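The values are calculated or read from the model by the stated rules, or taken from the named source; none is laboratory data. Predicted model only: the values in this text are computed from it and were never measured. With ideal geometry, Cβ positions are generated from the backbone for all residues, glycine too; neighbour counts draw on all protein chains shown. These accessible areas exclude ligands, DNA and RNA; they are computed on the full protein's heavy atoms, side chains included. Shrake-Rupley method; radii C 1.70, N 1.55, O 1.52, S 1.80 Å.
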Amino acid sequence: MKHKKKWRILWAAMLVVLAVATFGLHWAWKYYGKPELPDRRVYKTIEERADKALAFARRHNMNEHYALFVDYSVPSGTPRLYVWDYRKRKIAASTYAMHGPGGGSTDKRARFSNRPGSKCSALGRFLVTKEHGRRNKRGFRLKGMDIDNQTAYGRALMIHQSGWVDLNCWRKYIPLNGRCCAGCVTVSSRGMNYLYPIIKRETKPLLLWSFVSG
């Protein structure tokens, strides 16, 4: 009996180790592994907006090398912020992006608002300034360029990183967290490591266009 009990304990321990290892590998691959490449549907969505975004950028003396797109119809546990490279005519990189918890938003579905204090994400075109937050130095304030997001700068909305995204990107939907995202475009640390030097290096400010695709 004692021998059988030892084997049961051993098997239980092995199952626990296997479960932990499986989770660890899954998380590590999603965070440290090669970023998920968008399928052709995403490429088509971004391609359809790229030329319109470039025309808008030219009218407002914005960057003509890169543009950022966020498709909130994509689950937050899948990279849904895309860096479009106009010179190469392709998506150069992608990263995870949280949405705000306000207005009855859930992990699966975001609600959007332009109202100050709503803690909602906002849709439309934004100018990515080079201004950092008072506390968050790894981020940049956003200036709304449309009627639907004109309060963004006053709301201190930013594109910034959060460890919460890093810890939860293994899920299909990243859990909402008002401390980490109150309507900002909140990305992973790895994503900001890619975005930060581009935003700092480019002379003209980048355009960020957030939307919900059909």
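What's the number of the only condition in (1) surrounded by fewer than 20 Cβ atoms within 10 Å (Cβ to Cβ); (2) in contact with a Phe, Trp or Tyr (Cβ under 7 Å, 6 or more places away or on another chain); (3) not polar (S, T, N, Q) that Arg125 fails to meet?
(1)
Out of (1) in contact with an Asp or Glu (Cβ under 9 Å, 6 or more places away or on another chain); (2) open to solvent by less than 10 Å² (accessible area, probe 1.4 Å); (3) under 13 Å from Thr186 (Cα atoms); (4) touching a residue at least 60 places away in the same chain (Cβ under 8 Å), what's the single condition that is false for Cys120?
(1)
Just give me the residues in the range 163-209 being under 16 Å from Ser121 (Cα atoms) and of a type in the set (Gly, Ala, Ser), in sequence order.
Correct list: Gly178, Ala182, Gly183.
Please work out which residue is surrounded by the most Cβ atoms within 10 Å (Cβ to Cβ), limiting yourself to the range 84-96 and to residues that are touching a helix residue (DSSP H, G or I) at 6+ places or on another chain (Cβ under 7 Å) and within 27 Å of Asn168 (Cβ to Cβ). Don't jump to the end; show me each part of the working.
Just the residues of the range 84-96 that are touching a helix residue (DSSP H, G or I) at 6+ places or on another chain (Cβ under 7 Å), to begin with: 84, 86, 91, 93, 95-96.
From what is left, the residues that are within 27 Å of Asn168 (Cβ to Cβ) are 84, 91, 93, 95-96.
Working: Trp84: 24, Ile91: 20, Ala93: 18, Thr95: 25, Tyr96: 27.
Result: Tyr96.
Restricted to the range 187-211, and to residues that are charged (D, E, K, R) and closer than 27 Å to Asp148 by Cα, which residue is surrounded by the most Cβ atoms within 10 Å (Cβ to Cβ)?
Kept after step one, since they are charged (D, E, K, R), are these residues of the range 187-211: 190, 200-202, 204.
Now narrow it down to the ones that are closer than 27 Å to Asp148 by Cα: 200, 202, 204.
Numbers: Lys200: 9, Glu202: 16, Lys204: 14.
The qualifying residue surrounded by the most Cβ atoms within 10 Å (Cβ to Cβ) is Glu202.
Could you check the range 132-153 and list, in sequence order, the residues that are open to solvent by 20 Å² or more (accessible area, probe 1.4 Å) and at pLDDT 95 or above? Walk me through how you get there before you give the answer.
Within the range 132-153, the subset open to solvent by 20 Å² or more (accessible area, probe 1.4 Å) is 132, 134-138, 141, 143, 145-148, 150-151, 153.
Within the range 132-153, Arg141, Lys143, Met145, Asp146, Gln150, Thr151, Tyr153 qualify.
Name the pairs: first residue in the range 59-78 and open to solvent by 40 Å² or more (accessible area, probe 1.4 Å), second residue among the small types (Gly, Ala, Ser) and modelled with pLDDT of 95 or more, Cβ to Cβ under 8 Å, at least 6 apart or on different chains?
Glu64/Ala57
If you scan the range 157-182, which residues turn out to be out of contact with any helix residue (DSSP H, G or I) (no Cβ under 7 Å at 6 or more places or on another chain) and open to solvent by 30 Å² or more (accessible area, probe 1.4 Å)?
Selection gives Trp164, Leu167, Arg171, Lys172, Tyr173, Leu176, Gly178, Arg179, Ala182.
Could you please find all residues in the range 108-155 being within 24 Å of Pro75 (Cα to Cα) and of a type in the set (Val, Ile, Thr)?
The answer is Val128, and nothing else.
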